[in-house]
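What follows is one structure encoded as structure tokens, with my remarks underneath.
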Amino acid sequence: MAASLDGFIARKDGSVDWLETTDEFAGGDSLDPGTVAAFLETIDCYVMGSRTYETALRFEARGLGWPYGGKPTFVLTRRELPRVRDTVEFCSGDLAQFVNGRLRPSFRSIWFVGGGAVSGECLRLGLADEVRYSILPILIGEGIPFFDELDKDVALHLAEVKAYRSGMVALRYEVRRTTS
Ligand SMILES: NC(=O)c1ccc[n+]([C@@H]2O[C@H](COP(=O)([O-])OP(=O)(O)OC[C@H]3O[C@@H](n4cnc5c(N)ncnc54)[C@H](OP(=O)(O)O)[C@@H]3O)[C@@H](O)[C@H]2O)c1
């Protein structure tokens, strides 16, 4: 996910207006649309929490499109939500069993879109192989944390760092498997 420097992925009311920043870092790379499209092609399916899904629905209703293309998109929820396309499937129950038993045998690259509740749960349950954390050049003071309710340390290996012209720094970490 993309976060403010102080670690928030959305304001408390869920708004992400601050994602559009105006900084410029002369030494940074440009985000080339072709590279982004090629990267998105490597993702086999998406998993997201219901509140992130609701944000996606609001964006789509405003004419901003559906960012997940035709890829299978699994929405974690215990509620009844509108199903806007055939690629969307709702899931509840044991997340570890769902990811390891249902998704891993069928999909190679499983992208957890967020939000904070789901990413915290994912790390807590030891389901993540990698964490992609992009820092935007802004502080917002308070909001929804990147990792909600993480109740233990998670050791990481810094695998990649990229700085962009927009002032965003993209970090890729591998989750270290510790034997404890
Ligand atoms: N900056 C970014 O890159 C970025 C990326 C993604 C999202 N976001 C933002 O993050 C915000 C949402 O984050 P959030 O932490 O509030 O919520 P979230 O993680 O998107 O969704 C949490 C909800 O998902 C459902 N859920 C979670 N785990 C479940 C499980 N194991 N089984 C069944 N249902 C489960 C529950 O909803 P029910 O009540 O429906 O059961 C839970 O309340 C939005 O504002 C979104 O725009 C930002």
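The values are calculated or read from the model by the stated rules, or taken from the named source; none is laboratory data. Model, not experiment: these values are computed from the prediction. Glycine gets a Cβ as well: all are built from the backbone with ideal geometry, and neighbour counts include every protein chain shown. Only protein heavy atoms, including side chains, enter the accessible area calculation; ligands, DNA and RNA are left aside. Shrake-Rupley method; radii C 1.70, N 1.55, O 1.52, S 1.80 Å.
Could you tell me which numbered condition L31 fails, if it satisfies all but one of (1) outside any loop (DSSP other than H, G, I, E, B); (2) closer than 27 Å to R165 by Cα?
The one condition L31 does not meet is (1).
Pick out, from region 103-180, the strands (runs of 3 or more DSSP E) lying fully within it that include 2 or more residues that are small (G, A, S).
Numbers: elements: 110-114, 130-136, 156-163, 169-175.
Correct list: 156-163.
Note down all Cβ pairs under 8 Å where the first residue falls in region 41-54 and is part of a strand (DSSP E or B) and of a type in the set (F, W, Y), the second is open to solvent by less than 20 Å² (accessible area, probe 1.4 Å) and more than 11 Å from the ligand (Cβ to nearest atom), and they're at least six residues apart or on different chains.
Y46/T73
Inside region 53-68, can you point out the residues that are in contact with a Phe, Trp or Tyr (Cβ under 9 Å, 6 or more places away or on another chain) and of a type in the set (G, A, S)?
A56, G65
From the list D32, D44, D17, D6, pick out the single residue that is of a type outside the set (V, I, T), modelled with pLDDT under 95 and more than 12 Å from the ligand (Cβ to nearest atom).
D32
Being open to solvent by less than 40 Å² (accessible area, probe 1.4 Å) and within 14 Å of the ligand (Cβ to nearest atom) is the filter here; which residues of region 101-111 pass it?
Residue satisfying the conditions is L103 alone.
Residue-by-condition table, conditions (1) over 20 Å from the mean Cα position of the chain (by Cα); (2) open to solvent by 30 Å² or more (accessible area, probe 1.4 Å); (3) under 21 Å from Y173 (Cβ atoms):
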position	(1), (2), (3)
A38	no, yes, no
S50	no, no, no
A61	yes, yes, no
T73	no, no, no
R79	yes, yes, no
D86	yes, yes, no
S92	no, yes, no
L95	no, no, yes
V99	no, no, yes
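Going by the structure shown, is G143 touching a residue at least 60 places away in the same chain (Cβ under 8 Å) and small (G, A, S)? It would help to see each step written out before you state the result.
Numbers: touching a residue at least 60 places away in the same chain (Cβ under 8 Å): yes; small (G, A, S): yes.
Answer is yes for this residue.
Any residue that is closer than 24 Å to A38 by Cβ, open to solvent by less than 70 Å² (accessible area, probe 1.4 Å) and either hydroxyl-bearing (S, T, Y) or more than 10 Å from the ligand (Cβ to nearest atom) (or both) - is there at least one of those in region 112-132?
At the first step, the residues of region 112-132 found to be closer than 24 Å to A38 by Cβ are 112-114, 128-132.
With open to solvent by less than 70 Å² (accessible area, probe 1.4 Å) added as a condition, the list becomes 112-114, 128, 131.
Keeping just the survivors that are either hydroxyl-bearing (S, T, Y) or more than 10 Å from the ligand (Cβ to nearest atom) (or both) gives 128, 131.
Taking every residue of region 112-132 in turn, at least one turns out to be closer than 24 Å to A38 by Cβ, open to solvent by less than 70 Å² (accessible area, probe 1.4 Å) and either hydroxyl-bearing (S, T, Y) or more than 10 Å from the ligand (Cβ to nearest atom) (or both).
Which residues, counting only those in region 58-79, are within 20 Å of G14 (Cα to Cα), assigned to a loop (DSSP other than H, G, I, E, B) and more than 9 Å from the ligand (Cβ to nearest atom)?
R62, G63, L64, G65, W66, P67, Y68 - these are the residues of region 58-79 that are within 20 Å of G14 (Cα to Cα), assigned to a loop (DSSP other than H, G, I, E, B) and more than 9 Å from the ligand (Cβ to nearest atom).
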